[in-house]
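The values are calculated or read from the model by the stated rules, or taken from the named source; none is laboratory data. Keep in mind that this is a model prediction, so the values were computed, not measured. So basically every Cβ, Gly included, is an ideal-geometry build from the backbone, and we count neighbours across all protein chains shown.
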Amino acid sequence: MTSKKTTPLYQAKSIKKYFPVTGGILRRTIGQVKALDGVDLDIYRGETISVIGESGCGKTTLGRMLAVLQKPTDGELTFDFGDGLQDVAHLDRGEELAFRKKVQMIFQDPYTSFNPRQRVGVAMDEVLQVHGVKDPEERFSRIKEACEMVNMRVEYLQRYPHEFSGGQRQRLAIARCLAVKPELIIADEIVSALDVSIQAQIVNLLRKIQKETGLSFVFITHDVAVARYVGHRIAVMYLGSVVEILPAEALPENAEHPYTIALLSAVPDMNLQGKKKQIALQGEVPSPIDAPSGCAFSTRCPYVMDICKTTRPTLRIAADGKAGHQVACHLETPPTGE
Ligand SMILES: Nc1ncnc2c1ncn2[C@@H]1O[C@H](COP(=O)(O)OP(=O)(O)OP(=O)(O)O)[C@@H](O)[C@H]1O
Ligand SMILES: [Mg+2]
């Protein structure tokens, strides 16, 4: 992977997304939910980035920003269509369609993404028509190829969405994306609603597709073990920002941000016990309406210093110096957690 890392396919710089909070009979704006408060993320060709973090930290909002389903309040989103990075946050309709062909998003609940009154084959065909594939034979061959990639029989395309199990529907949602031939797929908690054996099936399928096609993925999950299994790199989010990005193989030993270590300490699989590197999380996640100034984690961090309360740390190269490992923390020496 690292050899391909020259210029990113997609770059998010200082992305902010604030939602207004209204109150009173006049519905005046009385505050802002800072769902994203300055996220930086580079996505390279052929890599899967897993995004992890507690509920409400902004994972879905980040996914929606990257798919440009909503516009960021501030920040830059640039995508490489072939001749360098280009702004995608302000596209006209034609350019937007070209972007949607390159970047596809899959959601947790495929029930809502398929029209219940439409046969799935027809739904897939429509998507390709929207993307300008005029030849019906070409559309059919693309759909067939995509179905083969997700191990679905082409005859199933005659069925309606309710005739499939949750796992099958999710495979169809993946096939629908693949038929468009995108360069990046953003998958938001796509296995969370499935039972464990089906989860494993879909996760293995995604890994296989990634290897075969060389597509880039952003894989959003709250399951650290799945994130590590699927992703080449892991982005750890806390209260609207990315606090650490690290190669999957660096987990759990090389985690440097106190929040990442705390998150891993809560996962028995990560087996940090032997390494004595554990942090127990204290207190509650602050409200994104009233996030701490300085480091967002400062109110809960056992290593908090004065600077953490006033100055927000930005992502820098991690102390272990590993390629692709960045951390946003004022601590010069990573905590041992002992
Ligand atoms: N449309 C909206 N209006 C107001 N607030 C919103 C909106 N969408 C998200 N938020 C808030 O933004 C924050 C981040 O939400 P988001 O859904 O991105 O979190 P998440 O990490 O995906 O959580 P989960 O793991 O539960 O899916 C939350 O505090 C949420 O309440
Ligand atoms: Mg979410």
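Would you confirm whether or not region 316-325 contains a residue that is within 18 Å of G38 (Cα to Cα), surrounded by 13 or more Cβ atoms within 10 Å (Cβ to Cβ) and at pLDDT 85 or above?
Initially, region 316-325 is screened for residues within 18 Å of G38 (Cα to Cα), giving 316-317.
Then keep just the ones that are surrounded by 13 or more Cβ atoms within 10 Å (Cβ to Cβ); that gives none.
Looking for residues that are within 18 Å of G38 (Cα to Cα), surrounded by 13 or more Cβ atoms within 10 Å (Cβ to Cβ) and at pLDDT 85 or above, one finds none in region 316-325, hence no.
Residues in region 76-94 that are in a strand (DSSP E or B), out of contact with any Pro (no Cβ under 8 Å at 6 or more places or on another chain) and not hydroxyl-bearing (S, T, Y): how many? If you could, list the steps in order and put the result at the bottom.
Within region 76-94, the first condition is being in a strand (DSSP E or B), and the residues that meet it are 76-80, 85-87.
Within this subset, residues satisfying the condition of being out of contact with any Pro (no Cβ under 8 Å at 6 or more places or on another chain) are 76-79, 86-87.
Right, trim to not hydroxyl-bearing (S, T, Y) and you get 76-77, 79, 86-87.
Residues in region 76-94 being in a strand (DSSP E or B), out of contact with any Pro (no Cβ under 8 Å at 6 or more places or on another chain) and not hydroxyl-bearing (S, T, Y): 5 in total.
Among the residues of region 211-251, which ones are of a type in the set (D, E, K, R) and more than 13 Å from ligand 1 (Cβ to nearest atom)?
Start the filter on region 211-251 by keeping residues that are of a type in the set (D, E, K, R), which leaves 211-212, 223, 228, 233, 244, 249.
Passing the criteria: K211, E212, R228, R233, E244, E249.
Filter region 143-160 down to the residues that are touching a residue at least 12 places away in the same chain (Cβ under 8 Å) and either in a loop (DSSP other than H, G, I, E, B) or buried (at least 21 other Cβ atoms within 10 Å of the Cβ) (or both) and list them by number.
I143, A146, C147, V150, N151, M152, R159, Y160
I want to confirm something. Restricting to region 161-210 and keeping residues that are farther than 23 Å from F140 by Cα and part of a loop (DSSP other than H, G, I, E, B), which single residue is nearest to ligand 1 (Cβ to nearest atom)?
The qualifying residue nearest to ligand 1 (Cβ to nearest atom) is E189.
Any idea which residue in region 32-62 is farthest from ligand 2 (Cβ to nearest atom), counting only those that are small (G, A, S), farther than 20 Å from D74 by Cβ and in contact with a strand residue (DSSP E or B) (Cβ under 7 Å, 6 or more places away or on another chain)?
Filtering region 32-62 down to residues small (G, A, S) leaves 35, 38, 46, 50, 53, 55-56, 58.
The next check asks that each one be farther than 20 Å from D74 by Cβ; those that pass are 46, 50, 53, 55-56.
Okay, now just the ones that are also in contact with a strand residue (DSSP E or B) (Cβ under 7 Å, 6 or more places away or on another chain), so 46, 50, 53.
Values: G46: 25, S50: 14, G53: 9 Å.
My answer is G46.
Just one of (1) under 21 Å from A296 (Cα atoms); (2) among the charged types (D, E, K, R); (3) at pLDDT below 95 trips up K71, so point out which.
Among (1) under 21 Å from A296 (Cα atoms); (2) among the charged types (D, E, K, R); (3) at pLDDT below 95, K71 violates only (1).
So which residues in region 125-159 are over 21 Å from Q170 (Cβ atoms) and among the small types (G, A, S)?
Within region 125-159, G132, S141 qualify.
So which residues in region 215-256 are free of Cβ contacts under 8 Å to residues at least 40 places away in the same chain and out of contact with any strand residue (DSSP E or B) (no Cβ under 9 Å at 6 or more places or on another chain)?
Passing the criteria: E249, P252, E253.
Which condition does D109 not pass, out of (1) within 16 Å of ligand 1 (Cβ to nearest atom); (2) more than 23 Å from V224 (Cα to Cα), if it passes all the others?
Unmet condition: (2).
Scan (1) crowded, with 17+ Cβ neighbours inside 10 Å; (2) at pLDDT below 95; (3) over 20 Å from Q170 (Cα atoms) for the single condition F79 breaks and write down its number.
(2)
Would you check if there is a residue in region 86-97 being within 16 Å of ligand 2 (Cβ to nearest atom) and free of Cβ contacts under 8 Å to residues at least 40 places away in the same chain?
Taking region 86-97 first, the residues within 16 Å of ligand 2 (Cβ to nearest atom) are none.
No, there is no match, as no residue in region 86-97 is within 16 Å of ligand 2 (Cβ to nearest atom) and free of Cβ contacts under 8 Å to residues at least 40 places away in the same chain.
Every residue in region 1-31 that is basic (K, R) and either away from ligand 2 (no atom under 16 Å from the Cβ) or without any contact (Cβ under 8 Å) to a residue 12 or more places away in the chain (or both), please.
First, pick out the residues of region 1-31 that are basic (K, R): 4-5, 13, 16-17, 27-28.
Passing the criteria: K4, K5, K13, K16, R27, R28.
List, please: which pairs have Cβ atoms under 9 Å, are six or more places apart or on different chains, and start with a residue in region 49-62 that is on the phi > 0 side of the Ramachandran plot and end with one that is within 9 Å of ligand 2 (Cβ to nearest atom) and in a loop (DSSP other than H, G, I, E, B)?
What qualifies is G53/H222.
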